[in-house]
Amino acid sequence: MLKKVLVVITLCLLVGCGKNDNELVLITEAGFAPYEFYENGEIVGVDIEIGKEIAKELGKELVVKDVAFDFIINEIKSGKGDIGAAGMSINDERKEQVDFSIEYVVSNQVVVVKNDSNIKSIDDIKNKTISVQLGTTADLYLHENYKDANIVTQKKYLAAAEDVKSGKSDCIVMDELPAKELVKENPELKILDGILFTDKYGMVVKKGNKELLDVVNKVLQRLIDENKIEEYIIKYSE
Ligand code: GLN
């Protein structure tokens with residue numbers, strides 16, 4: 001029995017259990033329009049379009065897996081997924097765990113409040129209750145720089161939006177384009193003028209997977225040169 005189990009484990013380590021060689025598994029968190037979100041039960045968006053191009057280049061079929069944002073890096077580290085693509089900002093903490101592609105989007109971090117909020121400026125949030133998505137750069141940034149704030153971490157932006165609508169929280173700090181989509185869906189919310197900080201998105205692969213990273217970079221560079229990423233953003237922001 002033990003021998004059998006060991007054989008299975010060894011095989012799994014060698015070939016990657018449950019993963020098909022003809023598939024490219026993209027790990028994301030599909031609550032981040034226009035980059036990844038559900039439309040008629042299917043996950044679509046900018047990162048998915050890019051993923052399809054990468055899969056095409058590799059002659060593989062794209063499989064998209066939706067997990068909590070703070071699980072994405074682990075899925076890649078453990079080999080359960082090949083590429084992490086989730087509007088993921090490049091930073092040093094993450095670079096220690098996975099390898100990043102070239103940058104493909106520049107993103108601003110903005111503040112979302114209720115229309116009738118008494119917070120009038122992004123300079124007024126230092127000692128407020130602020131909702132963020134767990135494990136995001138907004139979460140990290142606020143914990144480092146806004147020590148007097150009360151930070152509420154949520155697994156989903158929708159929950160963060162509910163916090164603000166119900167008055168549990170004063171605002172959300174999040175990426176600008178997803179904030180615009182959130183505000184479209186929730187007319188009682190608005191984005192304040194100004195940006196807290198700017199960061200750049202990259203896709204991630206397992207550390208040392210240069211072969212895949214080279215293909216990801218090649219496809220990203222082509223899509224950037226052909227202005228396709230801008231086109232995808234426009235298409236999925238409509
Ligand atoms: N860009 C932010 C980050 O990388 C948020 C990404 C997201 O929530 N999908 O942390």
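Values in this text are rule-based calculations from the coordinates and carry no lab data. Keep in mind the model is a prediction, meaning the values are calculated, not measured. Virtual Cβ from ideal backbone geometry, glycine too; neighbours counted across all protein chains shown.
Structural remarks
- Distance in nm between pseudo-label sites at K184 and N22 (7 Å out along the Cβ direction from Cα): 3.6
- K168-S121 FRET efficiency (beta carbon distance; Förster radius 35 Å; 0.05 resolution): 0.95
- Computed label-point distance, nm, for sites E231 and E61 using a 7 Å Cα→Cβ extension: 2.6
- Local electrostatic count, L192, Cβ distance below 15 Å [Lys/Arg +1, Asp/Glu -1]: -2
- A convex hull fitted to the Cα coordinates of the chain yields 148 cubic angstrom per residue.
- Each label was represented as a point 7 Å from its Cα along the Cα-to-Cβ direction; for E103 and K52 these points are 2.8 nm apart.
- Dividing the helix sum by the residues of the chain, where each DSSP H run of 4 or more adds -39500 (n - 2.57), gives a mean residue ellipticity at 222 nm of -11500 deg cm²/dmol.
- Here the residues S101, S107, ranked from fewest to most Cβ neighbours within 10 Å of their Cβ, fall in the order S107, S101.
- Among Y157, Y232, a tally of other beta-carbon atoms within 10 Å of each Cβ gives an order, fewest to most, of Y232, Y157.
- Normalised by the number of residues in the chain, the average gap of Cα pairs under 8 Å and 6 or more apart makes the relative contact order 27 percent.
- Whole-Å distance, taken between Cα centres, linking segment 31-81 and segment 87-151: 22
- The residues T137, T129, when put in order of fewest to most other Cβ atoms within 10 Å, stand as T129, T137.
- Under 22 Å from the Cα of K114 - lysines, other chains or at least 8 residues apart: K126, K128, K155, K156, K165, K168, K180, K184, K190
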